[in-house]
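**Student:** I have a structure I would like to understand better, so I am pasting it below and will then ask my questions one at a time.
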Amino acid sequence: MFIPIGIIIDVSEKINKMIENKVPFIKIATYYYHFTIYFANALFPIFLFLSIIWFTSKLANNTEIIAILSSGISFTRFLRPFIIGAAIVSVGVLLMGFYIVPRASEGFNNFRYTYLKSGGKEQMTGDNTDVYRQLNDHEFLYVSNFNPTSKMAFNFSLERFKKEKMVSKITASRIRWNEKDSTYTLYDYSKRTVGKLGDKIESFPEKNVKFTFELEDLTPVVYIAETLRLNELIDFIDKEKKRGSSNINTYMVVLYKKFSVPVSAFILTIIAVAVSSMKRRGGMGMNLTIGIAVAFGFVFFDKIFGVLAEKSTFSPFVAVWFSNIVFGILAVYLLRNAKR
């Protein structure tokens, strides 16, 4: 029910941009295929939570839960089918988050930045000025500005060290990627090799050189972490840590969320059953009101702490798992009261 509503709202907001940019229908259809997977995965715990409240409230209103518990069945036994169902669905979502959602996220974000955002192509790579990177244990790279469209960087510098001593330094006013032969053209090329008795300096107005890095690695797209499968994401984070990337917290938030979403499904399942298993005067409407309030609280904490971790030095692990910890405690409290 929610996914078609989400698609209708999204179409109503973005139809003018699509018409203005003359986006082909096949690309729009592909975008909404990716949108469905991306949207469903992001809000899966909330969808599960509300569906359980709806179903359990109907049981409670029909006094079926009272009859079940009066027959001698414990509340824990009554809760078991909900937990088993949540486990089955959560495993599916966990596997989707590892292998299917990353590809959907790539298609979803590529479309948004290409067709729907003003200046989206420039925003895809974030800040391209004063880029520093540690390529490996011995090499350090710097460019003052990088243009991903022309694949050209300016004020290039590559320093090599051995046992904390510089052994060589390459500089150029510009560096351009040559796709045909996978080389780089360096303009105003200069290389200084440090020797024991004296330094060796060579310079050329223009020189083609092969390097082990790619210019795109200097400023990966802002949503790169969301597009990588689990093993790829772990390798990417390790590589970016060695390079001294300033976006490590953003990447760690994405990694931790792959595991926190299925856990939040269990927690919200317990809360939903505990809240909706009691027959109230307001009936199903009251249970849904309480459920929606809890759902908004969960989303609020999740978003606030996620942004806090991405934009500051706040621990990504604490930020991602804070909502689960808080609502896990709430689930235990509500479950004890429901048993009584």
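The values are calculated or read from the model by the stated rules, or taken from the named source; none is laboratory data. No experiment lies behind these values; they were computed from the predicted model shown. Please note: Cβ atoms are built from the backbone with ideal geometry, for glycine as well, and neighbour counts cover all protein chains shown. For the accessible areas, the whole protein counts, side chains as well, though only heavy atoms, and no ligand, DNA or RNA atoms are used. Shrake-Rupley method; radii C 1.70, N 1.55, O 1.52, S 1.80 Å.
**Student:** For segment 67-103, enumerate the residues that are open to solvent by 80 Å² or more (accessible area, probe 1.4 Å) and not hydroxyl-bearing (Ser, Thr, Tyr).
**Tutor:** Hits for segment 67-103 are ARG77, ARG80, ILE84, ILE88, VAL91, LEU95, ILE100, ARG103.
**Student:** Do the conditions hold for SER260, that is, is it in a helix (DSSP H, G or I), in contact with a Phe, Trp or Tyr (Cβ under 9 Å, 6 or more places away or on another chain) and open to solvent by less than 30 Å² (accessible area, probe 1.4 Å)?
**Tutor:** Yes; evaluated as a whole, the condition is true for this residue.
**Student:** Out of everything in segment 316-340 that is open to solvent by less than 50 Å² (accessible area, probe 1.4 Å) and of a type in the set (A, V, I, L, M), what residue ends up being farthest from THR250 (Cα to Cα)?
**Tutor:** My answer is ALA338.
**Student:** Moving on. Can you find a residue in segment 42-56 that is open to solvent by 40 Å² or more (accessible area, probe 1.4 Å) and part of a loop (DSSP other than H, G, I, E, B)?
**Tutor:** yes
**Student:** Among the residues that make up segment 229-249, is at least one of them open to solvent by less than 10 Å² (accessible area, probe 1.4 Å), more than 22 Å from PRO102 (Cβ to Cβ) and in the same structural domain as ILE52 (by the TED database)?
**Tutor:** No, the conditions are met nowhere in segment 229-249.
**Student:** Could you grab me the full set of residues in segment 26-41 that are open to solvent by 60 Å² or more (accessible area, probe 1.4 Å), aromatic (Phe, Trp, Tyr) and modelled with pLDDT of 90 or more?
**Tutor:** TYR33 - this is the single residue of segment 26-41 that is open to solvent by 60 Å² or more (accessible area, probe 1.4 Å), aromatic (Phe, Trp, Tyr) and modelled with pLDDT of 90 or more.
**Student:** Please pick out the residue among VAL91, VAL101 that is in the same structural domain as VAL23 (by the TED database), touching a Pro at 6+ places or on another chain (Cβ under 8 Å) and modelled with pLDDT of 85 or more.
**Tutor:** VAL91
**Student:** What number goes with the only condition from (1) assigned to a helix (DSSP H, G or I); (2) open to solvent by 60 Å² or more (accessible area, probe 1.4 Å) that THR313 does not pass?
**Tutor:** (1)
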